[in-house]
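Visitor: Below are the structure tokens for one structure; questions will follow.
The values are calculated or read from the model by the stated rules, or taken from the named source; none is laboratory data. It should be emphasised that the depicted structure is a prediction, and the values quoted were computed from it without experimental measurement. Methodologically, a virtual Cβ is constructed for each residue, glycine included, from the backbone with ideal geometry; neighbour enumeration extends over all protein chains shown. Heavy atoms of the whole protein, side chains included, go into the accessibility calculation; ligands, DNA and RNA do not. Shrake-Rupley method; radii C 1.70, N 1.55, O 1.52, S 1.80 Å.
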Amino acid sequence: MWQAAVLAISPTTVALFLAAMAALALSFATWAARAPAATTPRTAAAALLAVWLPLLLFATLTPTQPIGSADATLWWRPGEGLFDPGAQLQPQELAMLIRQHIAYAALYVPGPLLLRFAAPRWSAAAAFLLGVGLCVTIETAQLLMRAGRIADVDDVMCAAAGTVLGAGLGLLARPVAAGVGAAARGCRRGRVVRP
């Protein structure tokens, strides 16, 4: 399943994914703005968060070999798989490595985005730390499982990038939704309000 998702990554699928995440953030922001006292938007975001977390764990912790059968491999230098002087990457291998990094970053976008609406009092910094902490925990588990997975600092950096993107979309959605709502109210009254 993970390989199929990685192979599907292209500029088009990345753009569609980002558009879907932006639409999700705007939907939750608009919903929360229209019903500020209602708990339904928070509950829906928490439910989606509860679906996202097991999917993330499945994608990142599913062993590729029996547990305990492989060496504990840790790549602690950034770009170690990309810039290893002992092996020259073929163009197809380079493209696959870049796709893997994009896919890993995309795995972490929904978490902080949904957390901004499930727990609005959490700051973007707390969401970022939670996302990176979760990734470090997963990479440590991969190392300790010795099941064919490689604990890689590049994965932590990709997770940090995805977490920043998700938190940023969550932060930007509220003022954008408020501006669109003000413009819509102004149009209904017969005057144009610029957001």
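Visitor: For the chain, with every protein chain kept in place, what is the accessible area per residue (1.4 Å probe, Å²)?
Guide: Value returned for the chain: 58 Å² of accessible area per residue.
Visitor: Turning to a different aspect of this structure: With every protein chain in place, what's the accessible area of S69 (1.4 Å probe, Å², nearest 10)?
Guide: Surface open to solvent at S69 totals about 70 Å².
Visitor: Under a 1.4 angstrom probe, counting protein chains only, how are R77, R34 ranked by accessible area, largest first?
Guide: R34, R77
Visitor: Can you tell which of A177, A35, A160 shows the greatest fluctuation in a Gaussian network model of the chain with Cα springs below 10 Å?
Guide: A35
Visitor: As a test of the formula, what do you get for the chain when each DSSP H run with n ≥ 4 contributes -39,500 (n - 2.57) and the sum is divided by the residue count, at 222 nm and rounded to the nearest 500 deg cm²/dmol?
Guide: The helix-only estimate for the chain comes to -24000 deg cm²/dmol at 222 nm.
Visitor: When the accessible area of the chain is computed with all protein chains present and a 1.4 Å probe, what percentage of it is carbon and sulfur?
Guide: Details: 7910 of 11360 Å².
Here carbon and sulfur together make up 70 percent of the probe-accessible area.
Visitor: Using the crude model of +1 on Lys and Arg Cβ and -1 on Asp and Glu Cβ, and no other charge, please compute the dipole size for the chain relative to its Cα centre, in debye to 20.
Guide: Working: 14 positive and 8 negative charges, 333 e Å.
In total the dipole reaches around 1600 debye.
Visitor: If you don't mind, there's one more thing I want to ask. Quick one: grab the alpha carbon gyration tensor of region 13-63, order the square roots of its eigenvalues as a ≥ b ≥ c, and give me rounded if a/c is under 1.5, else prolate or oblate depending on whether a/b is larger than b/c. Intermediate results must be reported in sequence, preceding the final value.
Guide: Working: a/c = 6.20, a/b = 1.52, b/c = 4.08.
Oblate is the answer for region 13-63, as a/c is 1.5 or above yet b/c matches or exceeds a/b.
Visitor: Give the value in nm², to one decimal: projected area of the alpha carbon convex hull of region 14-130, averaged over all directions.
Guide: On the way: hull surface 39.9 nm².
So the mean shadow area of the Cα hull is 10.0 nm².
Visitor: Under 9 Å from the Cβ of L74, count the other residues' Cβ atoms, weight Lys and Arg +1, Asp and Glu -1, and hand me the total.
Guide: Working: positive: none; negative: E139, D152.
So the environment of L74 carries a net charge of -2.
Visitor: A further question follows. Using Cα pairs closer than 8 Å and at least 6 residues apart in sequence, work out the relative contact order for the chain, in percent.
Guide: Values: 230 pairs, mean separation 62.1, N = 195.
32 percent.
Visitor: Counting only residues 5 or more places away or on other chains, whose amide H sits under 5 Å from the amide H of D152 once H atoms are built in the peptide plane?
Guide: Counting only residues 5 or more places away or on other chains, the set is W75.
Visitor: Please compute the Kirkwood hydrodynamic radius over the chain, one decimal place, Å, based on all pairs of different Cα atoms.
Guide: Numbers: mean 1/r = 0.0540 Å⁻¹.
Over the chain, the inverse of the mean reciprocal pair distance is 18.5 Å.
Visitor: I've got another one for you. Could you check which residue among A173, A38, A161 shows the biggest mean-square fluctuation in a GNM of the chain with a 10 Å Cα cutoff?
Guide: A38
Visitor: Rounded to the nearest Å, what's the spacing between the alpha carbon centres of region 10-46 and region 89-106? Just the number, please.
Guide: If we compute the Cα centre of each part, the gap is 28 Å.
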